[in-house]
Amino acid sequence: MVGANFNPVLLIGIVYAITISIVSAYLWASGRFSARVRYLLLIITIILGFATFSPMIPHQFQTIIERLADGERIGIILFSGVIGLGILTLLAALFGRHFCGYLCPIGAVQEAAYTIPTKKIPVQQKGILIAIRAFFLVAIIGGAFLFGIELLDYFGFSDFFKLTLSAGTPVFIVILLISILIYRPFCRIICPVGAILQAGAFPAIYKIRRTDACIECRKCEKTCPTNEVKAEDSKSECYLCRRCIEICPEDGALVYRRKKV
Ligand code: SF4
Ligand code: SF4
């Protein structure tokens, strides 16, 4: 049962994602996470993604749903997929979405595309985007169980990272081109794992918080690509991109920490 589905590469990828999520949270909480660390992690994740060592959790999510829909036993993939996703959701509930921030190759390539300097199109209606993504989550599960459709395969991200040309590969390339102008369209509109981790991160204990040093200049609000930096925002759609912190003119006005009791 275990041997048929055993994929050591996938297991290594999950261990990488979980370990670095914890290290990243520690670096953020201790004030040692910098723009340089972020870029380094993005580059490593993208390289590992092409080498298939970085976990393509949305793809594994689709696989698990397919196998459950087919009534197959899922063996070790139960650990590497369901348990892995469960641990990442728990980490999101503790520390926010470090995995989405720079450990998912799909998110990392979109993040890299958005750093290309050009005029951006702000899409900040996060409630609508979250609702569409929840619809996709239901459609992916319903499509697999009711019609045997593997909806996520049409988005081609897995083939893109395998450097394989399929009907879906151009779709992901178009998504990447859109990512130059609009922040993370796949993550914010389509990704079922994003939907799960967003729900997990909603009550996150550690998140970016404003302090009394804030002078209400609102520069961070104009910069945040996901409309998540206001004091009252949950930060569940925060991808820890640091743009708010980097634009803030006041030292210590935005800090990553747990709520003061
Ligand atoms: S939202 Fe999905 S695609 Fe985006 S970084 Fe998170 S898991 Fe990856
Ligand atoms: S700008 Fe700040 S609040 Fe907005 S997504 Fe980036 S890190 Fe999160």
Against the longest principal axis of the chain, how steep is helix 192-201, in degrees 0 to 90 to the nearest 10, with axes from Cα atoms? 40 degrees
Solvent-free Debye scattering, log10 I(q)/I(0), computed from the Cα coordinates of the stretch 2-201 at q = 0.13, 0.15, 0.17 Å⁻¹: -0.70, -0.96, -1.26
Put +1 on the Cβ of every Lys and Arg and -1 on every Asp and Glu Cβ in the chain; which of VAL37, SER21, ILE128 then has its Cα farthest towards the positive end of the dipole? VAL37
Within the stretch 90-152, trypsin sites (Lys or Arg not before Pro) in DSSP loop having at most 16 other beta-carbon neighbours inside 10 Å: LYS119, LYS120
Non-local amide H neighbours of TYR256 (under 5 Å, H modeled in plane, Pro and chain starts lacking H): which ones? ARG209
Taking amide hydrogens as modeled 1.01 Å from N in the peptide plane, which residues meet the under 5 Å criterion relative to ILE149, leaving out close sequence neighbours? ALA144
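Output the relative contact order of the chain, whole-number percent, from Cα pairs under 8 angstrom with separation of 6+ residues.
Values: 391 pairs, mean separation 58.9, N = 261.
In percent, rounded to a whole number, it is 23.
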What ranking do 180-187, 205-212, 163-170 get when scored by the average of other Cβ atoms within 10 Å per residue, highest first? 180-187, 205-212, 163-170
Pairing rule first: another cysteine's C-beta must sit under 4.7 Å. Under that rule, which cysteines of the chain stay single? CYS100, CYS104, CYS187, CYS191, CYS214, CYS217, CYS224, CYS238, CYS241, CYS248
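Probe radius 1.4 Å, ligands and nucleic acids ignored: give me the carbon and sulfur share of the accessible area of the chain as a rounded percent.
Working: 8620 of 12550 Å².
Ligands and nucleic acids excluded, carbon and sulfur give 69 percent.
Would you calculate a helix-derived [θ] at 222 nm for the chain, using -39,500 (n - 2.57) for each DSSP H run of n ≥ 4 and dividing by the full residue count, to the nearest 500?
Values: 12 runs with 130 residues, N = 261.
Calculated from helices alone, the mean residue ellipticity at 222 nm is -15000 deg cm²/dmol.
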Which whole-Hz ³J(HN,Hα) couplings does the stretch 244-256 yield from phi under the Karplus relation 6.51 cos²θ - 1.76 cosθ + 1.60, θ = phi - 60°, glycine and proline marked x? 5, 5, 6, 8, 5, x, 10, 4, x, 6, 10, 9, 8
Expected vector for the stretch 30-45, Karplus 3J(HN,Hα) from phi with 6.51, -1.76, 1.60 and θ = phi - 60°, integer Hz, x for Gly and Pro, equals 8, x, 9, 7, 10, 4, 5, 4, 4, 4, 4, 5, 4, 5, 4, 5
Using the alpha-carbon centroid of each, what span in Å lies between the stretch 140-209 and the stretch 218-254? 24 Å
Please list log₁₀ I(q)/I(0) at q = 0.11, 0.15, 0.16 Å⁻¹ for the stretch 92-235, using the Debye equation with identical point scatterers on the alpha-carbon positions. -0.47, -0.84, -0.95
In whole Hz, the Karplus estimates of ³J(HN,Hα) for the stretch 130-142 (6.51, -1.76, 1.60; θ = phi - 60°; x where Gly or Pro) are 4, 5, 5, 5, 5, 4, 4, 4, 5, 5, 5, 5, x
Could you size up the charge dipole of the chain around its Cα centre, putting +1 on the beta carbon of Lys and Arg and -1 on that of Asp and Glu, and report it in debye to the nearest 20? 880 debye
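The values are calculated or read from the model by the stated rules, or taken from the named source; none is laboratory data. The shown structure was predicted, so the numbers you read here are calculated from the model rather than taken from an experiment. Ideal geometry is used to build each Cβ from the backbone, glycine not excepted, and the neighbour counts take in all protein chains shown. With ligands, DNA and RNA removed, areas are computed over all heavy atoms of the protein, side chains included. Shrake-Rupley method; radii C 1.70, N 1.55, O 1.52, S 1.80 Å.
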